[in-house]
Amino acid sequence: MDILVLGGAGQVGTELQAYAWPEGVTVHAPDRAALDITDADAVARLLAVRRFAAVINTAAYTAVDKAESEPVAAWRLNALAPAILAAETARHAIPLVHVSTDYVFDGTRPGAYRPDDPIAPRSVYGASKAGGELAVRAGNPRHAILRTAWVVSPHRGNFVKTMLRLAAERDRLTVVDDQHGCPTSAADLAAALAVVALRMADDANAATGTFHCVNAGTTTWHGFAQAVVAGSVARGGREVPVAGIPTSAYPTPARRPANSELSTESLTTAYGIAMRPWQQALDTILDRLIGPVPTEASR
């Protein structure tokens, strides 16, 4: 069984390639030089030559603030590419699993967003990802869209790695405390994507549609930063205070959702996937980045 992973150099794509796939499954993750997914002819040629059991698209333009000044680039990768992938996978009856984002919501409602809640993106990034969702739904009936949020891992640049670096450099950190969301391990998201892709490849009646996939529990960026610093301290890192500030004190070109909490209930119902608490996921990441918390015997 061949699985095509797009965006293999990113956090989630890296974890998909490291995932313990069942015996007999081969993952193909061409880089941008090998496959430009905004080139319809290139995608068509690849899918005509090799029969893939499923395609997982994690590729995206994720520079949220830069997208405000580069809307064409954002829409090209976040909306045009999914439209091409949906059309070509549908042509060959291949299920398409696509990753989207909490930024499709405006973040104004209380509680956890459900997949069928109305979208109202407030940024170019969010609008372009919403466009990609629409393209996938229209182009391939055998699709699963997994929205996620606050993705972190030991790879590339992300919030956890930034907080660890700043905690080592500065005597005090200030982090936004009025944006709420669900930190998500790229490895846990990758595992969920693999489960969905394999089920869709094996079962023509597997659930389709839009789902949410985040680690369990919610916090603020400030609370998340405090947990990162505390985890670092437990592993021998510097202890620095983390002060909370309002979003208004940290203006950015792109507007962030104040509430990015996502309900994973439908994903659990459809695929039996129960995401672990974000605190446990963070511990795993810190173990990989720093090492495990020393035991009394090892102190």
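Taking the longest Cα principal axis of the chain as reference, the axis of helix 40-49 is set at about 70 degrees. Between the helical axis of 124-139 and the longest alpha-carbon principal axis of the chain there is an angle of about 30 degrees.
Think of segment 162-299 as having a plus end and a minus end, set by charges on the Cβ of Lys, Arg, Asp and Glu; of 187, 208, 290, 290 sits farthest toward the positive end of this dipole. Name the GluC sites (Glu not before Pro) in segment 168-266 that are in a loop by DSSP and that have at most 13 other C-beta atoms within 10 Å, would you? Answer in residue order: 239. With a/c under 1.5 counting as rounded, go ahead and sort segment 1-66 into rounded, prolate or oblate using the C-alpha gyration tensor (a ≥ b ≥ c being the square roots of the eigenvalues; past the cut-off, prolate if a/b is larger than b/c, else oblate). Oblate shape, in that a/c is at least 1.5 and b/c is the bigger or equal ratio. Calculated mean residue ellipticity, 222 nm, the chain: -11500 deg cm²/dmol, from DSSP H runs (n ≥ 4) at -39500 (n - 2.57) each, averaged per residue and rounded to 500. Taking the Cα atoms of segment 165-274, the ratio Rg/Rh between the radius of gyration and the Kirkwood radius comes to 1.10.
For the chain, the longest principal axis of the alpha carbon atoms and the long axis of helix 159-169 meet at an angle near 30°.
Of the residues 272, 175, 218, the one whose Cα sits farthest toward the positive end of the charge dipole of segment 166-293, with +1 on the Cβ of Lys and Arg and -1 on the Cβ of Asp and Glu, is 175. Placing R0 at 22 angstrom, the Cβ-Cβ distance between residue 72 and residue 117 gives a FRET efficiency of 0.15 after rounding to 0.05. Diffusion coefficient (Stokes-Einstein, Kirkwood radius over C-alpha pairs, 4 °C, 1.567 mPa s) for segment 1-153: 82 µm²/s, rounded to a whole number. Beta-bridge orientation, segment 126-280: approximately 15 percent antiparallel, per DSSP, counting only bridges with both partners inside.
Relative to the globular-protein estimate of 2.2 N^0.38 Å, the Cα radius of gyration of segment 205-270 stands at 1.58. For volume of the Cα convex hull per residue in Å³, the value computed from the atomic coordinates appears in the list (i) 166; (ii) 190; (iii) 139 under label (iii). A straight line joining the Cα centroids of segment 1-45 and segment 189-226 runs 18 Å.
Bear in mind these aren't lab numbers, they're just calculated from the coordinates by the rules spelled out. Please read these numbers as outputs of a predicted model, since none were measured by experiment. Cβ: placed from backbone, ideal geometry, glycine included. Neighbour counts: every protein chain shown.
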